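**Q** Could you have a look at this structure, given as structure tokens, before my questions?
What follows is calculated from the coordinates using simple rules that are stated; it is not laboratory data. The structure presented is a predicted model; accordingly, all values stated were derived computationally and were not measured. Note that we place each Cβ from the backbone using ideal geometry, even for glycine, and neighbour counts take in every protein chain shown.
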Amino acid sequence: MATTAARRQRTAAYILLAPFLVIFVTMLVVPLIYSGYLSLFATRLVGGETFVFLDNYVRAFTDPRFLGGLLRMVQFLLIQVPIMLALALFLALALDSGRTAASKTARLSIFIPYAVPGVVATLMWGFLYGNDFGPIAQIFRQIGWDSPDFLSPTNVLGSMMNIVTWEFIGYNMIIMYAALRSIPTELYEAAEIDGAGRIRTAWSIKIPAIRPAIFLTVIFSIIGTFQLFNEPSLLSRIAPNAISSSFTPNLYAYSLAFVNRDINYAATIAFALGLVIMIISLVVQLASRKKESAS
Amino acid sequence: MNTAAQRATRLWTAAGIVGALVLTGCSAGTTPTATGPVSDADIQKALETPTDLLFWSWLPDVEDEVALFEKKYPAINVTVENVGQGPDHYAKVRAAIAAGAGAPDVIQLEYPYVSSFQLTDDLLDLSPYLPSDFSDGFVDWVWNQVSRGDQVLAIPQDSGPMGNLYRSDIYAQAGLTESPATWAEYADAAAIVKEKTGSYITDLPPNDAGAFIGLLWQAGIKPFAYEGGEKVGIAVDSPEAQEVAAYWQDLIDKDLVAVDPNFTDQWYQGLSSGKYAGWLTAAWGPVFLQGTASDTAGLWTAARLPQWAEGEDVSGNVGGSTSAVLSSSENPIAAAELAKFINTDEESITMLNQQQSLFPPQVSLLESQEFLAQKSEFFGGQEVNGLFADISTTVDSTFEWPPFMDYVYSSFEETIGAEIASGGDLSAGLTAWQAALEEYATGQGFTLE
């Protein structure tokens, strides 16, 4: 009797899962396999298609443009992600300890940039950064200072970090804030009795308690950073010479496929990028687990 | 009495007609690609057969010209789709061709891209569908852009012979009465304009390979050689091109020309605010200016490009499009007729000029008194059409494009374009561009000439 019930339950589970599985397989798994297959070939405008096995991968990991893009993203990761997450954490803690009527408005206004589509946000920042007519440049000129060129080849990465921070701070803040709200209040009472102040409570109770949520935002940020595409792609229209077609690995894959008409190598770059992201995520995950068991 | 049954019958009849249309559409699709000239009878028959055509173009309101075609040939139904402009459009065309289904019959195709699609045999040779004297209807240099030997790969729609559009008020302020006749005078004028008015004489866009190539074209330089097949010539680093680069290097070093990317908000702003005293552009430039710098109406004048040698009168071309038929089209006769009609029918080409402001490559319009004598208020009553019609006859007639323009454009931005933008070494930029192009070409299996 019990087994029939279990079987029926299992059948129901599969039926309920089926729509997702069908879409998952056709829209994700099959294209993934196909592009993996493509990456093993080389197609030339003259001469056609040949099987090259792993040659494309050898080329990718020795391609200065791909490696340069990766390095740029590592730079982005090391500078932008800590700043963004620290700010998000600070805001989440501030909102959590405030718990006033104003915190609702504050929460919403910090979150709003995330609700603005990335494309719109980038266009807006592109205007703000404008050299001749941008408001920032105008303010600088009013004061009588030289306005910095936000879109010059040396500054554009920093300008992009600013955009991405602005866009995603609210998103990360919400994840951390939600985690903070689920901490049992008894812990705070206990801390208070022990004589812990607000800062001490935050440091010793809140942050350790939401470590999984913080870890989640770190992983999301790593993946997001390596997959940067919208921001560089849109900014390249207004700063075409500062942002090369291989500025980020994703942009490079796109321009290989649609500008250079080299779909096979584009698929290789996409796969190689996936590999790099996987390795870095794994390293971060292992490092955090080690830390957890140590503490 | 309008009963449900009647309505249903009517619906079914309509469906039947649609079905019949689809069926005949399919049967017309079996017409083999003609090898010899197609007879008038064949053409007549194809044009009377109900046919659906798909036309991809980003020209605004091209539906109006298409409507003229549909009015003349009621059996043919043309669907116009705008799938993007320039590179986006080509990427989608290539994807549709590769997919083997859903490709349009007729596409908008810019001159530099004809070779790209010729290489992959994606263009239908239109010569069997055209009268033998068809080429006489177009300006020589434009016709050379679309023909390969006896083959005709596209029908010219518009062109962009180059001139110098300048702010006569800024020039006057600097004490200049007319556009410099030579490039040497232009450099002198640049210094005077900058000193007296603070404006740059022009902008050299670091993102627009087309504009730069136009300047090379005017200097009589042939940076590319390609006639089909596997051989391609690349000479963007030739001594002559280096001379052009050295000229601009000097102006950039002295801060006499701006180096802003064009067609950006900042650049539009520069045009209307007088940051640039002039714009070296094509015959479609005037109309474009009227839209973006409308505050400055009446202050502009159009002139010829400065010349490299005194007494010379030559120009280059930037931009312009054609209509081409894809070889995958199942209705080549009707598709060829559409491409031909919208670009040669008098009513249609007049409309293209007056409504969409395209500059005509069609001789009939270029010689029409009404067209030539049209005065432009924006240019202080100047007969701008007449000027550009004259310039059109001075464009060097043999200019070829390599079959990978997407890469030519993108690599420009990263090599010489980057040097222009940063005020760096243009000469090294050209060398780097040459190297990038050669590497790409050989990597794609081409043999360098």
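**Q** Report the Stokes-Einstein translational diffusion coefficient (µm² s⁻¹, integer) for region B:298-423, Rh taken as the Kirkwood radius over Cα pairs, at 25 °C with viscosity 0.890 mPa s. Working shown, then result.
**A** Working: Rh = 17.9 Å.
In µm²/s, the coefficient rounds to 137.
**Q** I would also like to ask the following. Bins of 10 Å, beginning at zero and ending with the bin holding the largest distance: percent of Cα pairs per bin for chain A, please.
**A** With 10 Å bins starting at 0, P(r) equals 5, 19, 24, 24, 17, 8, 2, 0, 0.
**Q** Now for a different question. What is the sum of charges around residue A:47, taking Lys and Arg as +1, Asp and Glu as -1, for the other residues whose C-beta is under 14 Å from the C-beta of residue A:47?
**A** On the way: positive: A:44, A:261, B:231; negative: A:49, A:262, B:230.
Once all neighbours under 14 Å are counted, the net charge is 0.
**Q** Show the residues, 5+ positions off or on another chain, whose built amide H is closer than 5 Å to the amide H of residue B:51.
**A** B:76, B:77
**Q** Still on this structure, I have one more. Would region A:40-183 count as rounded, prolate or oblate if I go by the C-alpha gyration tensor, calling it rounded below 1.5 in a/c and otherwise prolate when a/b exceeds b/c, oblate otherwise? Let's see the in-between values first.
**A** Details: a/c = 2.79, a/b = 1.51, b/c = 1.85.
In terms of gyration-tensor shape, oblate.
**Q** Any idea what % of Cα-Cα pairs in the protein assembly as shown are farther than 37 Å?
**A** Working: 146758 of 276396 pairs.
Taking all Cα-Cα pairs of the protein assembly as shown, the fraction more than 37 Å apart is 53 percent.
**Q** Between beta-carbons, use under 12 Å as the cut-off and find the net charge around residue B:385, counting Lys and Arg +1, Asp and Glu -1. Show your work: numbers first, answer last.
**A** Details: positive: B:375; negative: B:367, B:370, B:383, B:390.
Its environment carries a net charge of -3.
**Q** Using a Gaussian network model of chain A whose springs link C-alpha atoms within less than 10 Å, name the residue from A:129, A:14, A:34 with the highest mean-square fluctuation.
**A** A:14
**Q** Dipole size in debye (nearest 20) for chain A around its Cα centre, Lys and Arg Cβ +1, Asp and Glu Cβ -1? Mind showing how you got there, number by number?
**A** On the way: 21 positive and 15 negative charges, 148 e Å.
Here the size comes out at about 720 debye.
**Q** Please build a GNM for chain B, connecting alpha carbons under 10 Å apart, and tell me which residue among B:320, B:220, B:86 fluctuates the most.
**A** Of B:320, B:220, B:86, the Gaussian network model singles out B:86 as fluctuating most.
**Q** Just to confirm a number: summing +1 for Lys and Arg and -1 for Asp and Glu over residues other than residue A:56 whose beta-carbon lies under 11 angstrom from that of residue A:56, what do you get?
**A** Numbers: positive: A:59; negative: A:55, A:63, A:262.
Summing Lys and Arg as +1 and Asp and Glu as -1 gives -2.
**Q** To continue, here is another question. Of all chymotrypsin sites (Phe, Trp or Tyr not before Pro) in region B:260-347, which ones are in loop regions per DSSP and have a Cβ with at most 15 other Cβ atoms within 10 Å?
**A** On the way: sites: B:263, B:267, B:268, B:276, B:279, B:284, B:288, B:300, B:308, B:341; in loops: B:263, B:284, B:308.
Of the chymotrypsin sites (Phe, Trp or Tyr not before Pro), the ones in loops of region B:260-347 whose Cβ has at most 15 other Cβ atoms within 10 Å are B:263.
**Q** For the charge dipole of chain A, defined by +1 on Lys and Arg C-beta atoms and -1 on Asp and Glu C-beta atoms about the Cα centroid, which residue among A:188, A:257, A:123 has the Cα displaced farthest towards the positive pole?
**A** Comparing the listed Cα positions along the dipole, A:188 ranks first.
**Q** Please get the size of the charge dipole for region B:310-449, origin at its Cα centre, with Cβ charges of +1 on Lys and Arg and -1 on Asp and Glu, quoted in debye to the nearest 20. It would help to have the intermediate numbers written out before the result.
**A** Working: 2 positive and 23 negative charges, 67 e Å.
Here region B:310-449 has a charge dipole of around 320 debye.
**Q** What does the charge dipole of region B:209-342 about its Cα centre add up to, to the nearest 20 debye, if the Cβ of each Lys and Arg holds +1 and the Cβ of each Asp and Glu holds -1? Present the calculation step by step, with values, prior to reporting the outcome.
**A** Values: 6 positive and 16 negative charges, 63 e Å.
Using Cβ point charges on Lys, Arg, Asp and Glu, region B:209-342 gives about 300 debye.
**Q** Compute and list, largest first, the equivalent-ellipsoid semi-axes of chain B from the alpha carbon gyration tensor, each √(5λ) rounded to a whole angstrom.
**A** Working: eigenvalues 367, 134, 77 Å².
Gyration-tensor ellipsoid for chain B: 43, 26, 20 Å.
**Q** What is the Cα coordinate range of region A:1-67 on the first, second and third principal axes, sorted by size from largest, in whole angstrom?
**A** Answer, in whole Å and largest first: 65, 26, 17 Å.
**Q** Taking neighbour Cβ counts within 10 Å as the exposure measure, how do A:114, A:37, B:90 sort from fewest upward?
**A** Working: A:114 18, A:37 11, B:90 24.
Ranked by crowding around the Cβ, least crowded first: A:37, A:114, B:90.
**Q** Kirkwood hydrodynamic radius (Cα pairs, Å) of region A:165-231? If you can, show how the numbers build up before the last one.
**A** Values: mean 1/r = 0.0741 Å⁻¹.
Value: 13.5 Å, from the Cα pair sum.
**Q** Return B:433, B:401, A:203 ranked ascending by Cβ neighbour count within 10 Å, so the fewest neighbours appear first.
**A** Numbers: B:433 26, B:401 22, A:203 13.
With the sparsest Cβ surroundings first, the list reads A:203, B:401, B:433.
**Q** Which of the residue pairs B:194/B:254; B:71/B:92; B:71/B:340 have a Cα-Cα distance greater than 20 Å in the structure shown?
**A** Numbers: B:194/B:254 10 Å; B:71/B:92 29 Å; B:71/B:340 15 Å.
Those over the limit are B:71/B:92.
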